[in-house]
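Asks: Below are the structure tokens for one structure; questions will follow.
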Amino acid sequence: MDNSDLCPIVACMTYDSDILIAGGGLNGPALALALAQSGLSVTVVDARPAPARAEAGFDGRSYALAIASKRLLSAIGLWPAVAGQVQPILQIKASDGLAGRGAAPFFLHFDSAEIEEGPMGFMLEDRHLYRAFLQAMDAAPGLTLLSGETVVAQEVTPSGATVTLASGKTLTARLLVGCDGRGSGTALRAGITRVGWGYGQTALVTAIRHEKDHHGIAQQFFMPAGPLAILPLPGGHHSSIVWSETDSAAAAIQALSDAEYLEVLRPRFGDFLGEITLAGARFTYPLSLSLAQSFIAPRVALVGDAAHGVHPIAGQGLNLGLRDVAALAEVLVDASRRGEDIGAADVLERYQRWRRFDSTTLALGMDSVNRLFSNDNPALRLARDFGMGAINALPRLRRGFMRQAAGLSGDLPRLLSGQPL
Amino acid sequence: MESQTTVDPAEVAKFEAMAAEWWDPNGKFKPLHMLNPCRLDYITSQIAAEFDRDLTKPLPFKGLRLLDIGCGGGLLAEPMARLGADVVGADAAARNIPVAQVHAAQSGLTIDYRHTTAEAMAAAGEQFDVVLNMEVVEHVSDPLAYLTACQHLLVPGGLMICSTLNRNTKSFLMAIIGAEHVMRWLPKGTHDWKKFITPDELCDLIRKAGLDPVDRKGMVFNPVTWSWSLSSRDLSVNYVTSSLKR
């Protein structure tokens, strides 16, 4: 009896692609490129129409890429396309600020001169990164991008997954990867439940132009309402700012005119960069933690915010997502080269084992940092000012923090070391 | 031996359930699933080295005829077929054959599964580029006769990969007491420790069978990472060898 004789009775799958990725944000394209470059066939389903994304103007939205993330972008060939548009982060200053009073005497100071890897990270605008991803996906053999499409249903068999798109089209793959954010439909349809909570805080995000040069220094002020991050953009006179307030205060501030908005921002910001003006669109993001109870289900894996939506403190959201990308790509490519079924439960379990501890620890770590710093209790302020001073005084501890923030600690996937798969 | 000519849907449903059991990484065959990536790493790298194949390219084993002896549910046969090899899976237990066939069909793979033995295939004059002989030799009554049959099954220059269990106090504690009695990974009586073979004994038998041993590695379980890895030095319990036909 030949295998094919069984096909009328057994569900014999043929696959449109090896891997189907739901979500075309940043993690989805990064994973798709890494896999396609290693010879796997990949389809990416992206809800947004491609031209709208490709033609985006300056809106100030940007990312602080950790060194490990930069290495991943280099390994998948994307870095040359964005290298001319990044601002290296040469120093990071974190301090405990009281609105209107400037920084406390003790503050954290990280200087890239202390670690051999060079700059501590790179600021890159969302639109430049998107455009580079779109061009790379367009040029990658074995990669299909379906823009303006969404997954509305999914079904798994012992050997694969079938998804139905809003257009009515069905697609099959050995593995379905959800890169569809913290409201992940992929996770929901797979029956993966989530735990999480809001912080009662909303991030206000915009870009400003300032009189003085930022000299590549990123600043983070921990304020009673939440952190204010000032992240240097290319050219020396633009910075991206991320600023947290309570939900009600943020809603009120967002409703203000640009001039009034600046009046609220100015005392928080201080005058160390001289006169400031608004330079980008204003966005708000409610802050919440959302962890998937499992990062995998039969024939399904979750990546990035779909697995763990974190507080955007320290800019770790994208960096954490790219760590998932690097780990999953490595697990899948290694499995494929061994001849294993890339969507098999034991293969997916390797990914979950690798990533779950790291990402959950980091998510909860950032949660407690935020709780510690978003507090106006004088004793706590004194304690954390002292703690920051102590970290500053201990170079080894400080370098440890820097390497963690740079994504250079832990069991690193090959892509995060800049190596090919 | 018997070959099926008709397909009974009720029988197939039963085989599908058995296939699901074989392929459940946390089920009855968990120890094999845990060992499989390590075995596959060894097998793929040895075949790639011997036949000059690039594992980063699609279908690297295309054109190679490969026999998996004691194929069970197809845990090794399927990966080999996925890498492009032309695979025959043989098992002396008749019940494994339709189970493996059903799973291969579900996976969209074409594999020639047969209820037969190495000796019967050698007598029929079958020839292969690669013979996988994994965790079988410790179960046969006459290892030399068995290995000689494997030698006959290889084309000149062909590769046999053979894994088994070492015979010493540690292997007794790990494979019999640990795996069968404490962890209950394997049913009691799966292994007869007296049939375990030391690497030197195995290499002697392989030479007597007309093959040249070219490599040996240990397969070591790490309880911290809960996974198996290859070792050049530690062959004290599980080990795997490569041999070539002159």
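Asks: Using only the alpha-carbon atoms, what does region A:285-353 span along each of its principal axes? Please give whole angstrom values in decreasing order.
Replies: Per principal axis, max minus min of the Cα coordinates gives 43, 20, 16 Å.
Asks: When the Debye formula is applied to the Cα atoms of chain B, each taken as the same point scatterer, what base-10 log of I(q)/I(0) results at q = 0.10, 0.15 Å⁻¹?
Replies: Values, matching the q order: -0.46, -1.11.
Asks: How much length, in nm to one decimal, is gained on full extension between residue B:8 and residue B:194, taken as 0.36 nm per residue of separation minus their Cα-Cα distance? Walk me through the numbers on the way to the answer.
Replies: Numbers: separation 186, 0.36 × 186 = 66.96 nm, distance 4.23 nm.
In short, 62.7 nm is gained.
Asks: Which of the residue pairs B:30/B:245; B:30/B:170; B:30/B:195 have a Cα-Cα distance greater than 25 Å in the structure shown? The partial results should precede the final answer.
Replies: Working: B:30/B:245 33 Å; B:30/B:170 22 Å; B:30/B:195 23 Å.
Going by Cα-Cα distance, B:30/B:245 fall outside the 25 Å limit.
Asks: Then there is this: Within 10 Å of each Cβ in B:99-106, how many Cβ atoms from other chains are there, averaged over the peptide? It would help to have the intermediate numbers written out before the result.
Replies: On the way: counts 0, 1, 6, 5, 5, 6, 13, 11.
Across the residues of B:99-106, the mean count of other-chain Cβ atoms within 10 Å is 6.
Asks: Calculate for chain B the 222 nm mean residue ellipticity that helices alone would give, adding -39,500 (n - 2.57) per DSSP H run of length 4 or more and normalising by residue count, nearest 500 deg cm²/dmol. Before the final figure, lay out the partial values.
Replies: On the way: 7 runs with 78 residues, N = 246.
Theoretical 222 nm ellipticity from helices: -9500 deg cm²/dmol.
Asks: Further, regarding this structure: Can you give the three extents of the C-alpha atoms in region A:248-296 along their principal axes, from longest to shortest, in whole Å?
Replies: 49, 25, 18
Asks: Given axes a ≥ b ≥ c from the Cα gyration tensor, I'd like to know whether region A:146-235 is rounded (a/c under 1.5), prolate (a/b larger than b/c) or oblate. Don't skip to the end; give the middle numbers.
Replies: Numbers: a/c = 3.59, a/b = 2.25, b/c = 1.60.
Cα axes put region A:146-235 in the prolate bin.
Asks: To continue, here is another question. Could you order the peptides B:196-209, B:35-48 from most to least packed, using the average number of other C-beta atoms within 10 Å per residue? Before the final figure, lay out the partial values.
Replies: Working: B:196-209: 17.6, B:35-48: 20.9.
Ranked from most to least packed, the peptides come out as B:35-48, B:196-209.
Asks: Then there is this: If we count every other residue with Cβ under 10 angstrom of residue A:171's Cβ, Lys/Arg +1 and Asp/Glu -1, where does the sum land?
Replies: Working: positive: A:169; negative: A:16, A:149.
Once all neighbours under 10 Å are counted, the net charge is -1.
Asks: Can you classify region B:166-246 as rounded, prolate or oblate using the Cα gyration tensor, where a ≥ b ≥ c are the square roots of its eigenvalues, rounded means a/c under 1.5, and otherwise it's prolate if a/b beats b/c and oblate if not? Could you put the intermediate results ahead of the total?
Replies: On the way: a/c = 2.70, a/b = 1.59, b/c = 1.69.
Oblate shape, in that a/c is at least 1.5 and b/c is the bigger or equal ratio.
Asks: Still on this structure: Using a 10 Å cut-off around each Cβ of peptide A:333-345, what is the average number of partner chain Cβ atoms that fall inside?
Replies: Values: counts 1, 3, 3, 6, 11, 13, 16, 8, 6, 1, 0, 6, 5.
Going residue by residue through A:333-345 and averaging, the value is 6.
Asks: Something else about it: Hey, could you pull the Cα Rg and Dmax for region B:1-100, both in Å?
Replies: Every Cα atom of region B:1-100 included, Rg and Dmax give 15.0, 45 Å.
Asks: Something else now. Which shape class applies to region B:71-194: rounded if a/c is under 1.5, otherwise prolate when a/b exceeds b/c and oblate if not, where a ≥ b ≥ c are the square roots of the Cα gyration tensor eigenvalues?
Replies: Values: a/c = 2.07, a/b = 1.36, b/c = 1.52.
Since a/c reaches 1.5 but b/c is at least a/b, the shape of region B:71-194 is classed as oblate.
Asks: What aspartates and glutamates does residue A:70 reach when the alpha-carbon gap must be under 13 Å and sequence neighbours fewer than 8 apart in one chain are set aside?
Replies: Candidates past the 8-residue exclusion: A:117.
Each reported figure results from applying straightforward, stated rules to the coordinates on display, with no laboratory input. Source: prediction; values computed, not measured. Virtual Cβ from ideal backbone geometry, glycine too; neighbours counted across all protein chains shown.
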